[in-house]
Structures are given as C-alpha cells and as structure tokens.
Amino acid sequence: MFGKKSGVNNTIDSLIGANTRIEGNILFQGGLRIDGQVVGNILASPDHPSMLVISEQARVEGEVHGGHLVVNGTVVGPLMAADMLELQPKARVKGNVHYKALEMHQGAIVEGMLIHVDESQRPGLKLAASAG
C-alpha cells in the first residue's frame, strides 16, 4: 500500500543471444537475459520491477543497474542491485558491487568492494514517523 511492490518479475521479456555482441547502452524494464556480449551500460527502469540474468557465457563491460540481478558470467564494471543480487558460482566481477540483499555462492569472485545500500535512511519518512 505504501511502497514499491516487493515481488520480483521472473519473466524474461528479452534475450541477447550467445552469438550477439552489442556496443552501446541498454535500457530495459521487466526481464532481460544476456547470453552474449555487451560493451556499454545496462540500466533497468527504476520505476518498474526488473530482473537481469547474466548467464555463464555472457560478458558485460560497463555499469549494470537493476532491481534483481543474477550473475553467472563476467562483468567488468560496477554492479548496482536495488533489491537483490545473486552471484552464482561462475560469476566474475571486476568492479564495486552495491547491493541491498546479497546471495553469493561458493566459487563466485568479486574484485572490488562490496557496499551495502541501506534504504532505511530516508529523511522524510524518519521525520514523519518521529513527529508526535
């Protein structure tokens, strides 16, 4: 009632195939699966739930922003997961990782800092709650 819908969209709406290379930024909403190569930033619409899957054979060179991120491939650049980040066993990340919730499997490698994002620090909400 008073916030974003917490459910995650598990539907993949778009696919970048294993033999595809894209050079340029990608803006998406909903679900996106990457099996190929992307040289550019991948940005999910912040106004809608999103899910991005970077598969084992995929490689991304650029910033990655999304709601629910599942990484099992290679990312060279920072990751920002607004809701949940899953680092699968074959994940290789070279860059800082910003996350709200993190699930990291044995075998995943991060060459960068893990930074927890705490969204409870919203001044407007705290002031309204503390006003008596």
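Read-outs throughout are calculated quantities, based only on the coordinates presented, and are distinct from any laboratory measurement. Just so you know, these numbers come straight off a predicted model, no measurement behind them. FYI the Cβ positions are ideal-geometry reconstructions off the backbone, even for glycines, and counts take in every protein chain you see.
In region 55-74, the qualifying residues are those that are touching a Ser or Thr at 6+ places or on another chain (Cβ under 8 Å) and free of Cβ contacts under 8 Å to residues at least 24 places away in the same chain, and the one that is surrounded by the most Cβ atoms within 10 Å (Cβ to Cβ) is Asn72.
If we keep just the residues of region 44-54 that are of a type outside the set (D, E, K, R) and surrounded by fewer than 19 Cβ atoms within 10 Å (Cβ to Cβ), which is farthest from Asp13 (Cα to Cα)? Break it down stepwise before answering.
First, the residues of region 44-54 that are of a type outside the set (D, E, K, R): 44-46, 48-54.
Cutting the leftovers down to surrounded by fewer than 19 Cβ atoms within 10 Å (Cβ to Cβ) gives us 45-46, 48.
Working: Ser45: 14, Pro46: 17, His48: 13 Å.
Step by step, filter region 44-54, then rank; the result is Pro46.
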